[in-house]
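The values are calculated or read from the model by the stated rules, or taken from the named source; none is laboratory data. Everything quoted here is computed from the prediction, not taken from an experiment. Here the Cβ is made from the backbone with ideal geometry for all residues, glycine too, and neighbour counts use every protein chain on show.
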Amino acid sequence: MKPQHPNTRNTQTQKVIVFDAGPLISFSMNGITEIIKRLRGVFHGKFLITSEVKKEVIDTPLRIKKFELEALKIKTLLDQGILELPSSLGISDSEIEKADNEMLSIANSTFNSMGKDINILDHGEASCLALSKILTTKGIRNVIAIDERTTRLLVERPQDLKNIFEDRMNTSINMKMQKLNFFKGFRIIRSAELAYVAYKKNLLEIKNNLLLDALLYALKFKGAAISGDEIEQIKKLA
């Protein structure tokens, strides 16, 4: 009998970080995918990406010369088993796709203006939320690594998202409160917070007092939705 991988024996005690495309791209563009590898070494759980996210960070950019190198870096993490697909926990793409479509349908009809719904999610982010919900129903503790601001606000501060839409569109926005209940309970972490964890656990080769500041601002300037004030708050925790 083929031995089970130690991480698949008891899903009830499993821990998972579900990665959206944003953090993976930010780490890759900054040449620090090694952080993901080292975090995986101390996490004692799984780092998962959905097939939709795989398309965004590996399959599609591998066909575009400008993004080929970044895609290869992330593909290496998948090839090495640092990143894994949900099938490693017995979760099929069809199961995720069904929940993904439900997420999209609800999220993209939660806010509307002048009788028209506002699209706020795409399949990548929705698939991460879908996988997270499936994991939770299976009793698997999980958090979503996502930098995309709209999705984070939908989960954490939907009223702030409504206010942003009203400012941008200069009109009143209707928010369907009953649909917001569907997005409660998700746990979110950003790439900047993952970098902070790596810094605190001394997982980085560079030893310098400026390292955390340099890491956080590098991520900010290459995709991570984080403000200067938020960076200063994280630095105070160090």
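For the reader, a short list of remarks on this structure follows.
- Listed by first and then second residue, the pairs linking a residue in region 100-122 that is of a type outside the set (A, V, I, L, M, F, W, C) to a residue that is buried (at least 20 other Cβ atoms within 10 Å of the Cβ), with Cβ atoms under 6 Å apart and 6 or more places separating them unless they lie on different chains, are Asp100/Ala126; Asp100/Ser127; Asp100/Ala130.
- Filtering region 181-207 to residues that are modelled with pLDDT under 90 and either closer than 21 Å to Ile144 by Cβ or not charged (D, E, K, R) (or both) leaves only Ile206.
- Scanning region 126-150 for residues that are of a type in the set (Val, Ile, Thr) and either modelled with pLDDT under 95 or more than 10 Å from the chain's Cα centre (by Cα) (or both) gives Ile134, Thr136, Thr137, Ile140, Thr150.
- Close pairs from region 132-153: first under 13 Å from Ile49 (Cα atoms), partner of a type in the set (Ser, Thr, Tyr) and surrounded by fewer than 22 Cβ atoms within 10 Å (Cβ to Cβ), Cβ under 8 Å, at least 6 apart: Asn142/Thr136
Table: residues versus (1) out of contact with any helix residue (DSSP H, G or I) (no Cβ under 9 Å at 6 or more places or on another chain); (2) surrounded by fewer than 20 Cβ atoms within 10 Å (Cβ to Cβ).
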{"residue": "Leu85", "(1), (2)": "no, yes"}
{"residue": "Ser94", "(1), (2)": "yes, yes"}
{"residue": "Glu102", "(1), (2)": "no, yes"}
{"residue": "Thr110", "(1), (2)": "no, no"}
{"residue": "Asp122", "(1), (2)": "no, yes"}
{"residue": "Ser127", "(1), (2)": "no, no"}
{"residue": "Asn142", "(1), (2)": "no, no"}
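- Within region 72-97, the residues that satisfy the criterion of being part of a helix (DSSP H, G or I), in contact (Cβ under 8 Å) with a residue 12 or more places away in the chain, within 20 Å of Gly139 (Cβ to Cβ) and out of contact with any His (no Cβ under 9 Å at 6 or more places or on another chain) are Pro86, Leu89, Glu95, Ile96.
- The listed residue being of a type in the set (Gly, Ala, Ser), within 19 Å of the chain's Cα centre (by Cα), surrounded by 12 or more Cβ atoms within 10 Å (Cβ to Cβ) and assigned to a loop (DSSP other than H, G, I, E, B), out of Ala218, Ala192, Ala224: Ala224
- Leu180 being surrounded by 14 or more Cβ atoms within 10 Å (Cβ to Cβ), without any contact (Cβ under 8 Å) to a residue 60 or more places away in the chain and of a type outside the set (Ser, Thr, Tyr): no
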